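Structure record follows, encoded as structure tokens.
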């Protein structure tokens, strides 16, 4: 085997070279490898990596051939370790032929690799595995036409049953064929590719592939040590000029255009039969986006989320964590543990009114963690079941009715995950004015996932009437501001959902892994901010500034909103992270310091409150400090205005909560 | 990876979290380049790696037990 660090450029296919299996993840490559090689297999890490590569021997047309199974990849030119290993094997092992293993149900993913193999001038045979499952789903693939378009042999297979193995062996025994299918990119990219190709040394094999890689994957291209340094530098200059033309990263633009070429091929060879009986999942999937039938499904899902997060997460789990784990064990233990500390201020900083353990860790672990855990679990279930895109389709309709154009709706939906990141996605909007409008709406009225979780938790203890009023105030605000936005945002339909995945039973492992990843991300991000926020409040309290701020805010917080003075500290926390502020209000509510009306008003104010510090800095980055201050300057009085008007209205109408 | 919202397939390496974000350092969030939906790159999560390792060990133990029996 040639070392991947050799000074060789792309090696030409060798008649005596190995057969290399390439394909996307989970397409049955390893099953096919097992069929071809039986028991003559060695598995070892690819040199310099942790990626395992299996090698074995197979008998093809009476000749003993080496077969190599590569890791599953979706893009041969991407910078990941698996992709690098696969690329290195293709470049340096001089394969006689590649078997591109495809999932027949998802041909487009494999054809992306086919287009790249074509560019790399590597001969291959396309094995359409899982053909039986494709047939069951009513998918027909015209393999003859596909073979004509690609210019290579195409074989249908069911590897798990050994079906099609003889056809594959016959195709492998024939002369290796190079594919004629490669993607054509837009004019600017094609010109850049041509420029780079002319820079490459004479005799460079597959120059187009090398050029595309130099333009899209600098690090990967650096591994092609046959490319002289001065060529790489000049290619980098071409790449910089080209990159300036696109909003998205160049790698993404190239992949996207390659995918367009693939879609055209798929459209010409793919056909779907009406299967004899529509599955229950398919019927449910269709109903879930129906303008009328979809509504009760949305309501039922939201109700279940509310019950699970609001009652189980915020009630049962928070009660256990706060009352038992922290109340009975951690806080008393921490108080005992720091009792020997001679300096009072240090003791207070750890276990005092604004103490590290008693506030930051208690809020972080005892209140927010159980709530966001249940929320993230539900969110992962929605994602993995395929319902989330359907929910987005349903939510898209009322948002459009509010007067927001299709493109503007998208960041609003994304804001339910994280407003900070959603602010960044406003880049998809065409004008600065549009971006500013949507950024304002996001900062104003769209609670992020963590805040929404805590709010749902608090609602769980307040009953449906408070929840309905809170939803009504938010939707009313969105309608009012959305209407204003529509006066300056000319509408255009959105087609942001590319494909609706089939509705299915979520896989437990996927849901658990997604939830774990989210929790880890949340804890890493949130705890340092909670600690910083608590330290800030502790400092304000020690300097006597907190009571001065409370007195200063008293006309607003106590007289206008009708909240107790302690709520001021929670609103200050809300600027650091809105979920932190919401957790503080949750704590006050549970301690009986807020009645239902005060809870409702405080929830509305904290939802509409100024953007959290991360979102504020994102607005500074995306626009300017002046804009961020202007957004905060509008939202701050607006949140208090709405909260105060709500408080007065509920009192005047004598609405029982 | 595949976007859970719009179904678009993309490489997480192409669309790492924006360096403009003040919390970008070590951030595992990737945004779908088509619709902007935020997904977590599970390969960056320590908890996920540990869970996967635990799952693999459990499988091996179960396999070894089957072989013994």
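Compute the distance from the alpha-carbon center of the stretch A:318-396 to that of the stretch A:516-542, in whole Å.
10
Once you have the Cα-Cα distance between residue A:505 and residue A:345, take 0.36 nm times their residue separation minus that, and quote the gain in nm to one decimal.
Details: separation 160, 0.36 × 160 = 57.60 nm, distance 5.42 nm.
Length difference between fully extended and current span is 52.2 nm.
When Cβ neighbours within 10 Å are restricted to other protein chains, what is their mean count per residue of peptide A:517-525? Could you put the intermediate results ahead of the total?
Numbers: counts 14, 7, 2, 9, 11, 1, 1, 6, 4.
For peptide A:517-525, the averaged partner shielding equals 6.
Would you mind computing, in nm to one decimal, how far apart the modelled labels at residue A:636 and residue A:304 are, each placed 7 Å from Cα along Cα→Cβ?
Computed distance between label sites residue A:636 and residue A:304 equals 4.4 nm.
May I ask you to sort A:284, A:516 by Cβ crowding, counting other Cβ atoms within 10 Å and putting the fewest first? Intermediate results must be reported in sequence, preceding the final value.
Values: A:284 17, A:516 23.
Placing the least packed residue first, the sequence is A:284, A:516.
Going 7 Å from the Cα of residue A:190 in the Cα-to-Cβ direction, what parts of the stretch A:240-264 have a backbone nitrogen less than 19 Å from that spot?
A:242-243, A:245-246, A:253-264
Run the numbers on the stretch A:187-272 and let me know its relative contact order in percent, using alpha-carbon pairs under 8 Å that are six or more apart.
On the way: 50 pairs, mean separation 22.7, N = 86.
Normalised by residue count, the contact order of the stretch A:187-272 is 26 percent.
Would you mind getting me the FRET efficiency between residue B:54 and residue A:30? Use the beta-carbon distance for r and R0 = 30 Å, nearest 0.05.
Working: r = 22 Å, r/R0 = 0.74.
Efficiency, rounded to the nearest 0.05: 0.85.
Kindly state, to the nearest 0.05, the FRET efficiency for residue A:145 paired with residue A:293, given R0 = 45 Å and r defined as their beta-carbon distance.
Numbers: r = 39 Å, r/R0 = 0.86.
After rounding to 0.05, the efficiency reads 0.70.
Any idea what the relative contact order of the stretch A:19-173 is, in percent, if you count C-alpha pairs under 8 Å spaced at least 6 apart?
Details: 284 pairs, mean separation 36.0, N = 155.
Relative contact order here is 23 percent.
Return, ordered by residue number, the residues of the stretch A:62-92 whose backbone nitrogen is under 14 Å from a label point located 7 Å along Cα→Cβ of residue B:43.
Output list for this probe position: A:71-87.
For the stretch A:582-657 and the stretch A:101-147, what is the separation of their C-alpha centers, rounded to whole Å?
The distance from the Cα centre of the stretch A:582-657 to that of the stretch A:101-147 comes to 54 Å.
Taking the stretch A:19-173 as the region of interest, what is the percent of Cα-Cα pairs per 5 angstrom bin, listed from the shortest bin to the one with the maximum distance?
Bin by bin from 0 Å, the calculated values are 2, 10, 20, 25, 22, 14, 7, 2, 0.
How high is the FRET efficiency between residue A:316 and residue B:2 when r is their beta carbon distance and R₀ equals 51 Å, given to the nearest 0.05? Intermediate values should be presented prior to the final figure.
Values: r = 34 Å, r/R0 = 0.67.
With a Förster radius of 51 Å, E is 0.90.
Only the coordinates and a few stated rules stand behind these numbers; no lab work does. Treat the numbers as computed from the prediction; the structure is a model and nothing was measured. A quick note on method: Cβ atoms are made from the backbone with ideal geometry, for glycine too, and the neighbour counts reach across all protein chains shown.
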